[in-house]
1. For the chain, set up a Gaussian network in which alpha carbons nearer than 10 Å are linked by springs, and say which option among 191, 84, 259 fluctuates the most.
2. Name the most mobile residue of 264, 158, 218, meaning the one with the largest mean-square fluctuation, in a Gaussian network model of the chain with Cα contacts below 10 Å.
3. Sort 246, 200 by Cβ crowding within 10 Å, fewest neighbours at the top.
4. Pairwise over distinct Cα atoms, reciprocal of the mean inverse distance: report the Kirkwood radius of the stretch 215-311 in Å, one decimal place.
5. How compact and how long is the stretch 4-56, expressed as Rg and Dmax of its alpha-carbon atoms in Å?
6. Evaluate the relative contact order of the stretch 14-231 (contact order divided by residue number), counting alpha-carbon pairs under 8 angstrom at least 6 apart; express in whole percent.
7. With n ≥ 4 as the cut-off for DSSP H runs, can you work out [θ] at 222 nm for the chain, using -39500 (n - 2.57) per run divided by the number of residues, rounded to the nearest 500?
8. Measuring from label point to label point, each 7 Å out along Cα→Cβ, what is the residue 254 to residue 200 span in nm?
């Protein structure tokens, strides 16, 4: 479905740093009194994140850092930004507050995904149902469970801008991670899509990819994808496995097939998916098949024993 013409440009107060898939997008919202950044990308890109913010703000400080959720590609730059801006105030969704306070990499799923995130601190909470003043307008905080049970989205009714994180992309939504732990969460994805539809945003700034204005087309794509996964949950596991493997390959850029298989079998989510797959002829064989699917799709290139990332 072709995108409609934008009804209005993004507000001048909103600047989007569109990042590669290893990092989430960063959204800078500023006015004469305060500058806020939403999501900070992955840790291996943290120096670039700080440089982008410094360039955009010139001599101004970054006052506020907000995380839509605490997956490593959305909060991995928090520690670097807190070091660069010592007076920075950080707000996170409440669901993982105790895990951050105690710094439990297990509860924060960094161990389960085999990903990295330097420890950071927080100063307050992004509580669903509350309001924020950013960029001279009011933003609503909405709970958006599904991809992550504690995720939030931010909506500015005046300008019609929705910061949707991984709840809605132009071509779908993020992996439904609770499903990988055996928790039913597909219905929560549907409820979040219904919420977004009810808000009627004019612009959507996703966690990955460019901002877009075709709400109806994105919702149609997302709902079709959700129905497909509900009917065939094995397909969702297969998709999730390839996402995690691709993420690691994006981080490493080059490795060996053997090393990536060994990493996967030591990564709880991937090992659990391999063991639970009805198609499994053995965990190692299934991981090798997932890697083969990435190669056949053009997302990776194999040269003998070597495996290279392909964008």
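Read the figures in this text as sums done on the coordinates, not as results from a lab. In this text, all values refer to a predicted model and were calculated from it rather than measured experimentally. Reconstructed Cβ throughout: ideal geometry from the backbone, glycine too, with neighbour counts over all protein chains shown.
1. Highest fluctuation of the listed residues: 259.
2. Of the options given, 158 has the highest mean-square fluctuation.
3. Going from least to most buried by this count: 200, 246.
4. About 14.2 Å for the stretch 215-311.
5. 12.5, 37
6. For the stretch 14-231, the relative contact order is 16 percent.
7. -11500 deg cm²/dmol
8. Distance between the two pseudo-spin positions: 5.4 nm.
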